[in-house]
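A.B. asks: Okay, here's the structure, questions in a sec.
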Amino acid sequence: MNTVLVQEMVRFNRLSEVVQTSLVNIQKAVKGLVVMSSELEGVVSSMLKGKVPAMWAKKSYPSLKPLGSYVNDLLTRLKFLQSWCDTGAPPVFWLSGFYFTQAFLTGVQQNFARKYKIPIDLLSFEFVILDDKEYTSPATDGAYINGLYLEGARWDRDMCLLAEQSPKVLHDKVPVILLQPKKREDIQPPPSYEAPLYKTSERRGVLATTGHSSNYVIAIKLPTDKPP
């Protein structure tokens, strides 16, 4: 997972550099030390409106948050990566905190493929929804993940099944999930619903040069007793 960490830190460093440079230049422009360019004017205008500046968004992960919430979210992501760098990989990975989530998923499969000498193109994920408790040790195979929410449905913790959403509740937090790599032929899930996982609630994105969507991540199979 060290490669994933390094790649994530490179991406966030680029974003942090753009944020820091633009703010420093705005301070200089206010003092008359540099010219207030149209880009800097755009940053100031967006900040006054509480929006994420376009200059930042070009280097940023997908986000629909207003400026204040975006900054807090960015700081939380940086803290997550700094802790990972300083103390080692966490027992549970905050999936929502990754810039390029697909790289993490690929890394999990690569570790499993190397360990058991299985071609990675034969692997897929089995999703095991765990109990609501703190996990202090990493998974033996695969990875524990958290930070996901259901919209339009909920996870029934008594029946361990996907169920109808509770009245007046928009989002339901999903318990910790075990991402378990397995050969596709060995995965035999119970009756389940393939819930698409997105980075934002916009539910749309563009195809990047990497071949991945900028918003869609993966389909998670959640057990249910309801027809799809």
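A.B. asks: In region 132-150, how many residues are hydrophobic (A, V, I, L, M, F, W, C) and touching a helix residue (DSSP H, G or I) at 6+ places or on another chain (Cβ under 8 Å)?
C.D. replies: Taking region 132-150 first, the residues hydrophobic (A, V, I, L, M, F, W, C) are 139, 143, 145, 148, 150.
Still in the list and also touching a helix residue (DSSP H, G or I) at 6+ places or on another chain (Cβ under 8 Å): 143, 145, 148.
Result for region 132-150: 3.
A.B. asks: Moving to a separate point now. Consider Asp186 carefully, then state whether it is under 23 Å from Thr3 (Cβ atoms) and either open to solvent by 60 Å² or more (accessible area, probe 1.4 Å) or more than 19 Å from the chain's Cα centre (by Cα) (or both).
C.D. replies: Here the answer is no, as Asp186 does not meet what is asked.
A.B. asks: Please verify whether Thr21 is in contact (Cβ under 8 Å) with a residue 60 or more places away in the chain, exposed (fewer than 14 other Cβ atoms within 10 Å of the Cβ) and in a helix (DSSP H, G or I), treating the condition exactly as stated.
C.D. replies: Details: in contact (Cβ under 8 Å) with a residue 60 or more places away in the chain: no; exposed (fewer than 14 other Cβ atoms within 10 Å of the Cβ): yes; in a helix (DSSP H, G or I): yes.
Against the criterion (in contact (Cβ under 8 Å) with a residue 60 or more places away in the chain, exposed (fewer than 14 other Cβ atoms within 10 Å of the Cβ) and in a helix (DSSP H, G or I)), Thr21 does not qualify.
A.B. asks: Next question, about the same structure. How about region 107-123: which of its residues are open to solvent by 40 Å² or more (accessible area, probe 1.4 Å) and not charged (D, E, K, R)?
C.D. replies: Gln110, Asn111, Tyr116, Pro119, Ile120, Leu122, listed by residue number.
A.B. asks: Read through the list (1) polar (S, T, N, Q); (2) over 30 Å from Val52 (Cβ atoms); (3) under 20 Å from the mean Cα position of the chain (by Cα), then give the number of the only condition that Ser83 fails.
C.D. replies: (2)
A.B. asks: Tell me the strands (runs of 3 or more DSSP E) entirely within region 139-228 that contain at least 1 residues that are of a type outside the set (A, V, I, L, M, F, W, C) and without any contact (Cβ under 8 Å) to a residue 24 or more places away in the chain. Working first, answer last.
C.D. replies: Numbers: elements: 143-146, 149-151, 153-156, 161-164, 171-173, 177-183, 192-198, 216-223.
Once the strands (runs of 3 or more DSSP E) in region 139-228 are filtered for at least 1 residues that are of a type outside the set (A, V, I, L, M, F, W, C) and without any contact (Cβ under 8 Å) to a residue 24 or more places away in the chain, what remains is 153-156, 171-173, 192-198, 216-223.
A.B. asks: Looking for something surrounded by 15 or more Cβ atoms within 10 Å (Cβ to Cβ) and either out of contact with any Ser or Thr (no Cβ under 8 Å at 6 or more places or on another chain) or closer than 23 Å to Met1 by Cα (or both) - is there at least one such residue anywhere in region 163-171?
C.D. replies: Within region 163-171, the first condition is being surrounded by 15 or more Cβ atoms within 10 Å (Cβ to Cβ), and the residues that meet it are 163.
Of the ones still in play, those that are also either out of contact with any Ser or Thr (no Cβ under 8 Å at 6 or more places or on another chain) or closer than 23 Å to Met1 by Cα (or both) are none.
Checked against the condition, which is being surrounded by 15 or more Cβ atoms within 10 Å (Cβ to Cβ) and either out of contact with any Ser or Thr (no Cβ under 8 Å at 6 or more places or on another chain) or closer than 23 Å to Met1 by Cα (or both), region 163-171 yields no hits at all.
A.B. asks: What residue, among those in region 68-100 that are in a loop (DSSP other than H, G, I, E, B) and free of Cβ contacts under 8 Å to residues at least 60 places away in the same chain, is surrounded by the most Cβ atoms within 10 Å (Cβ to Cβ)? Show your work before the answer.
C.D. replies: Quick first cut of region 68-100, residues in a loop (DSSP other than H, G, I, E, B) only: 88-91, 98-100.
With free of Cβ contacts under 8 Å to residues at least 60 places away in the same chain added as a condition, the list becomes 88, 90-91.
Details: Gly88: 12, Pro90: 16, Pro91: 14.
Selected residue: Pro90.
A.B. asks: If only one of Ile177, Ile220, Ile145 is farther than 22 Å from Ser63 by Cα and surrounded by 11 or more Cβ atoms within 10 Å (Cβ to Cβ), which one is it?
C.D. replies: Values: Ile220 fails: farther than 22 Å from Ser63 by Cα; Ile145 fails: farther than 22 Å from Ser63 by Cα.
Only one candidate qualifies: Ile177.
A.B. asks: Within region 24-57, can you find the residues that are assigned to a helix (DSSP H, G or I) and within 18 Å of Asp73 (Cα to Cα)? Steps first, answer last, please.
C.D. replies: Of the residues in region 24-57, the ones assigned to a helix (DSSP H, G or I) are 24-31, 38-49, 54-57.
Selection gives Ser46, Met47, Ala54, Met55, Trp56, Ala57.
A.B. asks: Looking only at region 48-65, count every residue that is over 18 Å from the mean Cα position of the chain (by Cα) and either closer than 16 Å to Thr200 by Cα or not hydrophobic (A, V, I, L, M, F, W, C) (or both) and tell me the total.
C.D. replies: So the count comes out to 5.
The values are calculated or read from the model by the stated rules, or taken from the named source; none is laboratory data. The shown structure was predicted, so the numbers you read here are calculated from the model rather than taken from an experiment. Methodologically, a virtual Cβ is constructed for each residue, glycine included, from the backbone with ideal geometry; neighbour enumeration extends over all protein chains shown. These accessible areas exclude ligands, DNA and RNA; they are computed on the full protein's heavy atoms, side chains included. Shrake-Rupley method; radii C 1.70, N 1.55, O 1.52, S 1.80 Å.
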